[in-house]
Amino acid sequence: MSKRVALNVYRSYTGRRLAAAVLVTIGVAIAAFILLHVVPGDPARAVLGEHATPSAVDALRRQWGLSQSLPAQFGHFIADLVRGRLGSSYFYHEPVLTLIGQRIGETAWLVLGASILAVAISLPLATLAASRQDRLSDHLIRGVGVIGLGMPAFWVGIVLIEVFAIHIKLLPVGGWGDTLWQHIEGLLLPSLTAALAIIPILIRSLRAGMLEVLDSDFVASARARGLSETRVLFVHVMRNAIIPTIALLGLNIAFLVGSTVVVEQVFALNGVGALLLDSITNRDYPVVQGLTLVMATAVVLINLVTDLVSARLDPRIRLR
Amino acid sequence: MDTESLVLTRRKLLSQGAKGTAAIALAPLLTTGSASAATRAARTVAGVASGTPKRGGTVTFARSVAPTQLDPANSIIAGDVYTLDKIFEPLYVTSPSGQLTPWLATGYTASADHKTYTYHLRPGVRFSDGTPLKASDVVWSINRERANKNGPLSFLDFAIKNIKADGNNVVFTLAEPWAPFLSDISVFANAILPANYGGKSEKAFFKSPIGTGPWLLPEWQADSNLTLKANPNYWQKGKPYLDSVAITYVSDQNQQLLQLRSGAAQIVDNVPPSNVASLKSDSSVTLTQFESWQTDILVFNEQLPYFQDRHVRRAIAYAIDTNKLVEAASFGTAKAGKGLFPPSLEYADENVPTLEYSLSKAKAELAKSKYPHGFSTKLLISGGVEKWSEFAQIIQADLKPLGITVAITSLDHAAYETTFQKYDYDMFIDYAINDISDIDEMASFNLDYKNGGSKSYWSSYNNPAVSKLVEQAESEFSTSKRQALYTEIQKIIAQDVPFVALDYPPYIYATSNKVQGFAVNPGGAYRLENVWLA
């Protein structure tokens with residue numbers, strides 16, 4: 001394949017991925033809108049209270065445009081979206097983007113912390129498991145991983161709090177704190193909780209990737225050249241295995257973003273996950289719609305970047 | 001998802017709580033006071049400070065509710081109300097023992113025809129920016145509330161014809177004599193702001209609110225966590241004792257209790273009854289139950305033929321063992337339900353006999369109905385409220401011997417509310433609540449089909465005799481005559497059974513042992529100016 005052809009293939013691949021990303025985001029927006037409006041519940045009642053007269057409730061619904069037909073409401077939603085407007089919260093009386101901006105920090109740090117911990121824990125464990133294939137440490141690492149997969153995040157969070165915050169008193173039980181150090185301390189357990197949910201997946205595929213690499217000719221030749229097993233493992237094998245790990249992490253980011261809703265709840269972090277849950281409870285439609293869209297866009301973007309980076313690094317992917 | 005906070009984020013018109021009412025002379029003019037109020041005061045369980053209050057320090061209050069905005073005239077959800085009531089105060093408040101207590105007013109005089117009330121402003125009260133409180137601020141604030149047609153509680157001011165400032169007095173002229181007026185004036189929605197927002201725009205004002213309350217909020221960020229600072233100009237000299245209160249939003253009940261135990265928080269709200277026993281054994285924690293003006297109720301949809309049948313409702317009332325219910329689902333924290341009105345409420349008459357548990361009487365009653373062999377029906381509950389789901393299962397089991405088969409439907413709170421308000425239910429469990437000290441709120445909202453506004457709490461119970469008595473009591477000013485009217489109402493509904501009273505739940509709070517002087521009024525409010533750290 002000439003360089004030019006390769007570039008064209010890459011461009012066409014990028015184009016297809018971008019189009020798919022846009023389609024997915026629009027799909028999420030439509031699904032969120034429909035699900036939200038089909039489920040019973042009335043934000044006007046919640047804002048006005050039980051004593052509100054039906055006419056007051058109707059008036060507020062009219063003011064919010066909720067008395068129109070669902071397709072008409074959806075039309076307004078899309079028209080506003082195209083103009084970059086996500087509307088204002090029924091409860092906070094603040095623009096949705098302002099609210100998200102205020103809270104997205106805690107969530108973004110949580111996702112980042114979880115990603116770092118996930119890679120930092122998976123990589124050495126997978127290397128160990130691969131290098132001791134079918135021995136006790138390999139079975140232990142994989143076995144514990146499978147058990148880990150079966151534990152729900154809220155339960156893992158509670159156990160971690162019991163151990164690290166109540167018994168050892170090393171870390172705070174929850175909350176975001178006021179200082180940078182408190183933020184870091186406060187993020188450790190929630191990040192670990194979120195990370196633990198994807199670590200088993202990462203270890204398994206990383207281990208499989210390493211075993212594949214260990215079988216390849218260049219490893220055999222490295223060994224033949226008399227390189228130490230440690231050097232073979234950490235320089236030659238790990239470098240080749242880290243790319244699929246990052247890709248896999250990228251693919252699991254949706255799961256990670258989703259799990260922040262639960263993790264924030266367990267650790268009393270007031271990020272967008274907590275805002276989403278409260279807004280669903282209150283039927284604060286603009287906030288739920290806006291947040292779903294922002295979260296979906298973030299996930300789609302991360303996936304897109306992962307895909308493109310992987311394709312850049314591994315030309316075979318572009319041809320799929 | 002935390003459960004009890006769902007309940008709290010509902011309609012909440014809550015009058016403010018205040019500790020240390022003894023320090024303020026009760027107005028001798030108080031007409032709604034009675035002997036029973038004194039006994040209720042004696043029954044108030046908690047918040048009794050021991051020793052001399054110490055000044056300074058910060059308390060972190062981990063709450064299950066989050067504030068979204070701070071305008072008293074537009075608030076109804078608990079997170080908003082329990083935050084803004086620290087900043088803004090009304091003329092009168094409800095004390096922890098449930099009594100109306102003079103606050104920004106020192107008292108009032110009423111005309112003989114009960115159509116003119118003159119409130120005397122407390123001298124020396126200043127807003128947190130140092131501006132003195134004037135009668136014109138009161139007129140402006142309550143007129144603002146009255147004029148707000150989206151105001152969740154503006155209906156409470158319907159009786160007011162006009163308000164005038166007269167020197168240091170505020171004169172209310174009513175369109176008709178209205179007995180609950182004194183209570184209505186004490187609601188947080190009638191709190192006093194500086195007239196014309198102190199010269200600021202409405203939006204700018206609520207971003208950095210100015211009130212007469214013990215606490216001030218330098219800047220409102222629409223954040224779930226906020227820190228209230230002591231108002232140096234507070235009219236109760238020397239209060240608040242604390243320098244600041246950090247209010248954090250912790251929706252997970254387990255996390256709340258962990259924060260309390262680890263010292264990250266000193267006060268937590270909404271302790272689930274199932275956790276009471278384990279907390280009682282923790283010596284670093286004080287668990288306090290405050291009497292509430294609440295009754296958990298089973299509501300019948302009387303638009304359905306079988307619940308229109310009085311014998312069916314009576315049979316169900318006989319069949320439900322409320323003592324067993326309280327033991328199993330409230331873990332002994334609540335009193336077993338008898339009548340609709342909680343005994344903590346003035347004019348609730350505990351001597352009125354109700355249909356107490358008896359399976360044989362239940363069977364005999366059902367035999368007299370059009371459905372002697374029972375029927376199949378549905379019971380709607382709000383998902384996530386652990387206690388109600390247990391109530392539902394006990395009721396299901398209790399009705400089985402009657403041949404009444406109950407299917408339980410659990411919906412998320414918003415869906416549940418919309419569903420019963422569309423009358424799309426057979427039976428549902430909810431709670432009746434009084435947020436102000438006057439029993440009329442519960443009487444009219446739950447029993448007055450004609451004027452109550454909710455068709456007797458969406459039950460469609462329609463007894464013109466009851467509606468008439470509720471109306472009569474609204475313009476009756478003699479305590480003994482009013483008592484007679486409410487006793488009569490309670491006698492009728494005890495036999496009619498529009499609702500089965502399941503229990504009278506308390507507010508359960510857990511505090512660090514160091515926290516002194518914390519008290520909650522029966523409406524659910526607390527102001528924290530008397531809280532100090534030992």
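For segment A:159-218, how many residues meet the condition of being within 14 Å of another protein chain (Cβ to nearest Cβ), in contact (Cβ under 8 Å) with a residue 12 or more places away in the chain and assigned to a helix (DSSP H, G or I)?
Within segment A:159-218, residues that are within 14 Å of another protein chain (Cβ to nearest Cβ), in contact (Cβ under 8 Å) with a residue 12 or more places away in the chain and assigned to a helix (DSSP H, G or I) number 10.
So A:Met210 ticks every box in (1) surrounded by 21 or more Cβ atoms within 10 Å (Cβ to Cβ); (2) within 23 Å of the chain's Cα centre (by Cα) but one. Which box is left unticked?
(2) is the only condition that A:Met210 fails.
Of all residues in segment B:122-152, count the ones that are out of contact with any Leu (no Cβ under 6 Å at 6 or more places or on another chain), small (Gly, Ala, Ser) and in a loop (DSSP other than H, G, I, E, B).
Count: 3.
Can you tell me which residue is farthest from B:Ser224 (Cα to Cα) among those in segment A:160-178 that are among the β-branched types (Val, Ile, Thr) and modelled with pLDDT under 90?
In this case the residue turns out to be A:Ile168.
Given the conditions (1) surrounded by 18 or more Cβ atoms within 10 Å (Cβ to Cβ); (2) at pLDDT 90 or above; (3) within 26 Å of A:Val299 (Cβ to Cβ), which single one is not true for A:Leu97?
(1)
Among the numbered conditions (1) touching a Pro at 6+ places or on another chain (Cβ under 7 Å); (2) surrounded by fewer than 21 Cβ atoms within 10 Å (Cβ to Cβ); (3) more than 14 Å from chain A (Cβ to nearest Cβ); (4) farther than 24 Å from B:Val326 by Cβ, tell me where B:Glu474 comes up short.
(2)
Quick grid of which residues meet (1) surrounded by 13 or more Cβ atoms within 10 Å (Cβ to Cβ); (2) more than 22 Å from A:Val272 (Cβ to Cβ):
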site	(1), (2)
A:Leu136	no, yes
A:Phe164	yes, yes
A:Ile168	no, yes
A:Leu180	no, no
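Out of everything in segment B:202-218 that is under 29 Å from A:Leu269 (Cβ atoms) and more than 28 Å from the chain's Cα centre (by Cα), what residue ends up being surrounded by the most Cβ atoms within 10 Å (Cβ to Cβ)?
Across segment B:202-218, the extreme among qualifying residues is B:Pro218.
Return the residues of segment A:254-284 that are in contact with a Gly (Cβ under 6 Å, 6 or more places away or on another chain), facing chain B (nearest Cβ under 7 Å) and charged (D, E, K, R); say none if nothing qualifies.
Correct list: A:Arg283 only.
When only residues in segment B:351-395 that are in a loop (DSSP other than H, G, I, E, B), hydrophobic (A, V, I, L, M, F, W, C) and modelled with pLDDT of 95 or more count, which is farthest from B:Tyr431 (Cα to Cα)?
Per the criteria, the residue is B:Phe375.
With the condition kept exactly as written, say whether any residue in segment B:276-289 is hydroxyl-bearing (Ser, Thr, Tyr), within 14 Å of another protein chain (Cβ to nearest Cβ) and either surrounded by fewer than 22 Cβ atoms within 10 Å (Cβ to Cβ) or in contact with a His (Cβ under 8 Å, 6 or more places away or on another chain) (or both).
yes
Could you run through segment B:486-518 and say how many residues are closer than 29 Å to B:Asp321 by Cα and either of a type in the set (Lys, Arg) or assigned to a helix (DSSP H, G or I) (or both)?
Residues meeting the conditions: 11.
Residue-wise test of (1) of a type in the set (Gly, Ala, Ser); (2) out of contact with any helix residue (DSSP H, G or I) (no Cβ under 9 Å at 6 or more places or on another chain).
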{"residue": "B:Ser460", "(1), (2)": "yes, no"}
{"residue": "B:Asn463", "(1), (2)": "no, no"}
{"residue": "B:Leu469", "(1), (2)": "no, no"}
{"residue": "B:Glu476", "(1), (2)": "no, no"}
{"residue": "B:Thr487", "(1), (2)": "no, yes"}
{"residue": "B:Asp503", "(1), (2)": "no, no"}
{"residue": "B:Tyr507", "(1), (2)": "no, yes"}
{"residue": "B:Asn513", "(1), (2)": "no, yes"}
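Report, by residue number, each residue of segment B:394-442 that is within 14 Å of chain A (Cβ to nearest Cβ), under 24 Å from B:Val81 (Cβ atoms) and hydrophobic (A, V, I, L, M, F, W, C).
B:Ala414, B:Ala415, B:Phe420, B:Ala432, B:Ile433, B:Ile436, B:Met442
Just a yes or no: is a residue in segment B:281-296 in the same structural domain as B:Phe518 (by TED's automatic domain parsing) and part of a helix (DSSP H, G or I)?
The answer is no; no qualifying residue exists.
From the set of residues in segment B:205-254 that are assigned to a helix (DSSP H, G or I) and in contact (Cβ under 8 Å) with a residue 40 or more places away in the chain, which is farthest from the other protein chains (Cβ to nearest Cβ)?
B:Gln253
The values are calculated or read from the model by the stated rules, or taken from the named source; none is laboratory data. In this text, all values refer to a predicted model and were calculated from it rather than measured experimentally. Cβ coordinates were reconstructed from backbone atoms using ideal geometry, including for glycine residues, and neighbour counts include every protein chain displayed.
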